[in-house]
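Read the structure below first, then the notes.
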Amino acid sequence: MLSHLTGLPIVPTCWDASRKLVLNSWDKLMIPLPFSKAVFVFGEPIEVGADANHNVLQEKVLEVKTALNRLSDRCALELPAKCSCPGDEPALK
């Protein structure tokens, strides 16, 4: 919706680290541990036109979800150690 209002593209982004803490919070905040390896991947910008209707916005939501899933898979391939998504690691209490 913000992209629709501002005219700026959505840039899907994913990152992970080989060693990290995952907090037990609503967003599963990941904190990389010292000396861990990290990877950052960025997808192609996704444009949402200012004239986009509800159906187009729903299509863009699906496009963003698909892009994030692909980036997560790419992240797993590029990280030297096992890459895990938020929620896969034991959470801090």
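The values are calculated or read from the model by the stated rules, or taken from the named source; none is laboratory data. A quick note: this is a predicted structure, and the numbers were derived from the prediction, not measured. Methodologically, a virtual Cβ is constructed for each residue, glycine included, from the backbone with ideal geometry; neighbour enumeration extends over all protein chains shown. Areas reflect the complete protein model, heavy atoms only, side chains present, ligands, DNA and RNA absent. Shrake-Rupley method; radii C 1.70, N 1.55, O 1.52, S 1.80 Å.
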### Query
Of all strands (runs of 3 or more DSSP E) completely enclosed by the range 1-56, which ones contain at least 1 residues that are under 13 Å from the mean Cα position of the chain (by Cα) and either at pLDDT below 90 or within 16 Å of Leu68 (Cα to Cα) (or both)?
13-17, 38-42
### Task
Can you run down the residue pairs with Cβ atoms below 9 Å, 6 or more apart or on separate chains, where the first is in the range 40-61 and farther than 13 Å from Thr6 by Cβ and open to solvent by 100 Å² or more (accessible area, probe 1.4 Å) and the partner is part of a loop (DSSP other than H, G, I, E, B) and among the aliphatic types (A, V, I, L, M)?
Phe42/Val11; Glu44/Val11; Glu59/Ala52
### Task
Run Trp26 past the list (1) touching a residue at least 24 places away in the same chain (Cβ under 8 Å); (2) out of contact with any helix residue (DSSP H, G or I) (no Cβ under 8 Å at 6 or more places or on another chain); (3) open to solvent by 50 Å² or more (accessible area, probe 1.4 Å) and report the number of the one that doesn't hold.
(1)
